[in-house]
Amino acid sequence: MRWSLHPRSLILYFYTLLFLSSTCLALVPPTDNCCISDKRFGRYCPTTCGIADFLLNYQTEVDQDLQSVEETLRNIKNNTSEAKKLIREIQSFYSTDGLPKSDRIEASIKESQKMMEDIMKFETLIISHDSSIRFLKDIFNTNKQKIATLKQKVDQLEAKCQEPCKDTVKIHDITGRDCQDIANKGGKESGLYFIKPLTSQQQFLVYCEMEKNGNGWTVLQKRLDGSEDFKKNWIQYKEGFGHLSPTGTTEFWLGNEKMHLITTQTTIPYVLRVELEDWNGRIAYV
């Protein structure tokens, strides 16, 4: 037959034997079947029920001690499991001779190299973005200055528009049938004039070139720098094209219809003068 004892039962058994031995040494009955009163045992004899009362007084303290021991054992067991797990992980990483496995080292090296390559790519990308950001900032600052300049001009124009509108093109007040008629009426300054030929239903603007001798020339065409394209269709030549300016510095064609109205209003023949000027400023006319 095999006997087994629980640790807690073993401790209780030990305390029971200890208590019995100490009691027997301290209290010896003088005669048989006689109990000696003792405050520790109450009304029971020391060899009977008083032992149970005595043990019950110390049971709580013993239970607490046992719980503390069991908690310590559980902690040791948990720590042992964690240590074994760590050992298994270390053993899986290292070979039997204690050296790291070559395949794991190679994989780690490749992973590190890839990380370095990614870092270099990101650094290059950051540098490129920094350059682009600086370029965009320069453009932004340039545009900001241009916007400020344009805003200043707009403010000036708005202030100017609040003033009464004035015609900046100088048009002389004298009118006539043609430029010679205007010269005969006292027009002496070359510039823009309104004329109304006899057969015309309304007046139109022409450039008159006045001479000191009293001649007034009606300019039919002016070509200077090629700023006006003279490759036009028949309708455009009939109506006229280009721009008239008071200084005579723009290119134009007066128009076939207007020329016809000027030249057919009288039986007196008109004189056509063609004036040419070379690059050196020399003028000739026919």
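Values in this text are rule-based calculations from the coordinates and carry no lab data. Small disclaimer: the values here were computed from a predicted structure and weren't measured. Cβ placement follows ideal geometry from the backbone for every residue including glycine, while neighbour counts extend to all protein chains displayed.
Pairs spanning more than 20 Å between alpha-carbon atoms, out of 196/258; 188/238; 185/238; 232/258: 188/238; 185/238.
Highest average first, the peptides 242-255, 174-187 ordered by how many other beta carbon atoms sit within 10 Å of their residues are 174-187, 242-255.
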